[in-house]
Each structure stands twice: as structure tokens, then as C-alpha cells.
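What follows draws every value from the coordinates through simple rules; no lab data is involved. Note that the coordinates shown come from a computational prediction; the quantities given were computed from them, not determined experimentally. Please note: Cβ atoms are built from the backbone with ideal geometry, for glycine as well, and neighbour counts cover all protein chains shown.
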Amino acid sequence: MRIFIALMLVMCAAWRVTEGYTHFAQLQSEDRLYGPEGNVRVVSTQYCEWEGKKMMIGSSWKTTGCEECSCSEVGLFCAGSGRYLVPDHCLLLVDETCQTELVDANDPFSPCGMPQVFHGK
């Protein structure tokens, strides 16, 4: 029973506050003019704007914040994993592949242990 309670405490300590979040933005459009005055051709280009950059329709990427983003004919769509509740004595590490690991705040090479609960005899 103690093992079950300890496992439940560990699971609750790292439980996500939200299951995730999404962001949507409409397509942007840019007109470019080609040719001499009097014989100008206008070419419109649609794109998604992300952090000041113009992203092509059909592109997708993962941000350094571990959001998955894509640009389609509908617009920009980004989804993230949400937030985590982490005990004060632990740290949540996120690596370059967006994998998470709960480690001890005083020793980031050791897994985060949950406080032991002792019962007197």
C-alpha cells in the first residue's frame, strides 16, 4: 500500500496543469509588383507569420519551446504540451527532442525523489 501511495504522489507531483494549448493565426498576404510602369503584373503571395518570419504554406516546424507548428491554406496553427506542476525540491529538464525528466534540484544528475513518509510502530 505504501508503494501505491508513493507512486500516486509522484504521478500527482508531475501532473500537467493543462493538457495542452493551441494558437491559431490567419494567413497574411503580400503583393509584389513586376514589370515597367504601365505594364505591371501584381503577384500575391500568402504566408504565415511566426515570430516576425514569413513561413510558406505547407511548412511545419518545432519551436525551441517545444511547440509543433504548421502553416496551411487555413492559417498558422501551433500546439504545445502545457504546463507542469513540479515540487520545489525538483527541476523539470527539457532536452533538444522535447523529452522531459524530473530531477533533484540539488543534484540534476539524480532523479527527483519524493519525500519519505514514515509511520511509527
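Whole-Hz ³J(HN,Hα) for each residue in segment 99-106, computed from phi via Karplus 6.51 cos²θ - 1.76 cosθ + 1.60 with θ = phi - 60°, x for glycine and proline: what do you get?
My calculation for segment 99-106 gives 7, 10, 8, 8, 10, 5, 5, 8 Hz in order.
What is the set of long-range amide H partners of CYS66 at a cut-off below 5 Å, with H atoms built 1.01 Å from backbone N?
Amide H neighbours of CYS66, under 5 Å, 5+ apart: none.
What does a probe at GLU51 reach in segment 75-117, counting residues whose amide N is under 16 Å from the point 7 Å along Cα→Cβ?
77-81, 95-98
Once amide H atoms are placed 1.01 Å from N in the peptide plane, what residues at a sequence separation of 5 or more from TYR84, or on another chain, have their amide H within under 5 Å of its amide H?
It is VAL17, by chain and number.
Any idea how far apart LEU92 and THR63 come out in nm if each label point goes 7 Å out from Cα toward Cβ?
Modelled inter-label distance: 1.6 nm.
With r defined as the distance between the Cβ atoms of GLN28 and THR100 and R0 fixed at 35 Å, what FRET efficiency is calculated, to the nearest 0.05?
Working from the Cβ atoms, E equals 0.55.
What is the percent of Cα-Cα separations in segment 56-109 that go past 12 Å?
On the way: 1008 of 1431 pairs.
Beyond 12 Å sits 70 percent of the P(r) for segment 56-109.
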